[in-house]
Amino acid sequence: NTVYLNGSFMPIEEAKISPLDRGFLFGDGIYEVIPSYEGKTVGLEPHMQRMFDGMSAIGIQCNKSLEEWKALIQELISLNGGGNLGIYLQVSRGADVKRYHAYPKDVEPTVFAMVMAIKPAVEADASTAKGFSVATTQDMRWKRCQIKSTALLGNVMHFQEGYASGNDEILLYNEDNFLTEASSSNAFIVKDGVVLTPIQDNQILPGITRKLILDILEKDGSIPFEVRNISMEEVFNADEIWVTSSSKELAPVTVIDGKPVGNGKVGGVWEAAFKLYTQFKFDY
Ligand code: PLP
């Protein structure tokens, strides 16, 4: 695994950062994961835009241009042999001379990138797709979930709650009993043929897979969708539930809190939407 750290490519064993790095001490950084299948990325520019938005939201100045990021990513893909890779990028605020909360001046951000293996893109087929199982719990994270921060303890603790009880993911709901997202994915439901997903606000990450799916559905026009608040009652009575992310793409959920979703089988709307996603994702 060849990684990138602060201007150079090197074997992961040689990549070293200071214990004073604020990414380590405070989780003070922004990260991104971009899927790449056999050398072809999905959503590269929207992913980079989200990363720039995140850095600007927390006041990190990293002077790499979009073109420089693209070149770095291409180099990393080729140094790691192409294949199916999640490109992980992280920029932390850097290492100050002391541990002190205020943003330091004149500190260079730490820029790190590596690749992670992801599953190859598969053909959509409701009869063979694996159904995910999810738990549910109240969303206890912070109120700035739109920032893709490396401070992931809230997400990690929620994911672990689901994982410890044998689930693949955990759906989260806010104090008003509305669905937000999942611990590492965005969430969708289907009711009577209509696809529904929560509004993009500070309670959810602006998922790129979510964005691509909504754009593809809009352009195709054959599957109706609405972006609105979704109560947990609607979630429990949904015909289908999906969770989306760069690594799992569009995953159908067939079990929620140990009970079947709809008829307990992977749904037909999922199959149609996944076919569209598979067909058009490389256009982004
Ligand atoms: N929501 C959370 C909390 C996430 O961590 C992720 C991705 O890891 C997503 C949603 C999905 O985002 P994307 O589709 O950009 O991978």
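What follows draws every value from the coordinates through simple rules; no lab data is involved. On a predicted model such as this, the values are computed, not experimentally measured, just so you know. In this analysis, Cβ positions are derived from the backbone assuming ideal geometry, glycine residues included, and neighbour counts consider all displayed protein chains.
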Of His47, His101, how do they rank once you tally other Cβ atoms within 10 Å and put the fewest first?
His101, His47
Would you order Trp270, Trp69, Trp242, Trp142 from fewest to most other beta-carbon atoms within 10 Å of each residue's own beta-carbon?
Trp142, Trp69, Trp270, Trp242
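Could you compute the net charge surrounding Arg93? Neighbours are other residues with a C-beta less than 9 Å from the C-beta of Arg93; K and R count +1, D and E count -1.
Values: positive: Arg22; negative: Asp21, Asp28, Asp96.
Net charge in that neighbourhood comes out at -2.
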Diagonalise the Cα gyration tensor of the chain and give the resulting equivalent ellipsoid semi-axes, square root of 5 times each eigenvalue, largest first, whole Å.
33, 22, 16
Between region 94-117 and region 1-46, the alpha-carbon center distance in angstrom:
12
Rounded tilt (10° steps) of 66-79 against the dominant C-alpha axis of the chain
80
What is region 183-234's relative contact order, in percent, from Cα pairs under 8 angstrom and six or more apart in sequence?
43
State the extension gain, in nm to one decimal, for the chain segment bounded by Ser222 and Ser65, taking 0.36 nm per residue of separation less the distance between their alpha-carbons.
52.7 nm
Computed, not fitted: 222 nm per-residue ellipticity of the chain from DSSP H runs ≥ 4 (each -39500 (n - 2.57)), nearest 500, equal to -8000 deg cm²/dmol
I want to check the label-to-label distance for Ala126 and Arg99. Put each point 7 Å from Cα in the C-beta direction and report it in nm to one decimal.
5.4
Most mobile of Lys148, Lys16, Lys211 in a GNM of the chain (Cα contacts under 10 Å)
Lys16
Using θ = phi - 60° and the Karplus relation 6.51 cos²θ - 1.76 cosθ + 1.60, list the HN-Hα couplings for region 137-152 in order, rounded to whole Hz, with x at every Gly or Pro.
7, 6, 5, 10, 6, 7, 9, 10, 6, 6, 8, 7, 7, 6, 6, 9
Under 8 Å for C-alpha pairs, at least 6 residues apart: give me the relative contact order for region 132-283, rounded to a whole percent.
25
Bin all alpha-carbon pair distances of region 2-117 at 5 Å intervals from 0 and give each bin's fraction as a whole percent.
2, 11, 23, 23, 19, 13, 6, 2, 1
If a paramagnetic tag sat 7 Å from the Cα of Glu14 along the Cα-Cβ line, which residues of region 90-127 would have the backbone N under 16 Å from that point?
113-114
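If I take every Cα pair under 8 Å that is 6 or more residues apart in the chain, average their sequence separation and divide by the length, what percent do I get for the relative contact order?
Here the relative contact order equals 20 percent.
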Taking the simple approach of a point 7 Å from Cα along Cα-to-Cβ for both Ser78 and Asp53, what is their distance in nm?
3.1
5 angstrom amide H check on Tyr284, placed H, neighbours 5+ away
Gly43
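So how do Thr110, Thr278 line up by other beta-carbon neighbours within 10 Å, fewest first?
In order of increasing Cβ crowding within 10 Å: Thr278, Thr110.
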